[in-house]
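Inspection log for the structure reproduced underneath, given as structure tokens.
What follows draws every value from the coordinates through simple rules; no lab data is involved. This structure is a prediction, so every number in the text was calculated from the model and none was measured. Positions of Cβ are generated from backbone atoms using ideal geometry, with glycine treated the same way; all protein chains shown enter the neighbour counts.
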Amino acid sequence: MAMRLRINGQLMEASALTVAELLRELGIEPRAVAVEVNLSIVPKKDYQVFRLKEGDTVEIVSFVGGG
């Protein structure tokens, strides 16, 4: 069952129930990003258990190295 989420400003449908499942669904490596749900940062240790709800706003930020 898909739910609608706003991911990085775009309305999308996802079947993921947790942050970890969402990252897997989107093909994103969890170690390389920070995730915020409804303006609160989700600790990496909670990605497997943090449940998403219909209408959540998710921001996924990639770490970029440079110099």
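Once the chain from Val49 to Met1 is taken as fully extended at 0.36 nm per residue, the excess over their C-alpha distance is 15.4 nm. A DSSP coil position with no more than 15 other Cβ atoms inside 10 Å describes the following chymotrypsin sites (Phe, Trp or Tyr not before Pro) in the chain: Phe63. A compact globular protein would have a Cα radius of gyration near 2.2 N^0.38 Å; the ratio found for segment 11-67 is 1.10. Of the trypsin sites (Lys or Arg not before Pro) found in the chain, the ones in coil according to DSSP and having at most 12 other Cβ atoms within 10 Å of their Cβ are Lys53. For the chain, a simple Cβ point-charge model (Lys and Arg +1, Asp and Glu -1, everything else neutral) yields a dipole of about 140 debye relative to the Cα centre.
Of all DSSP beta bridges confined to the chain, the antiparallel ones make up roughly 90%.
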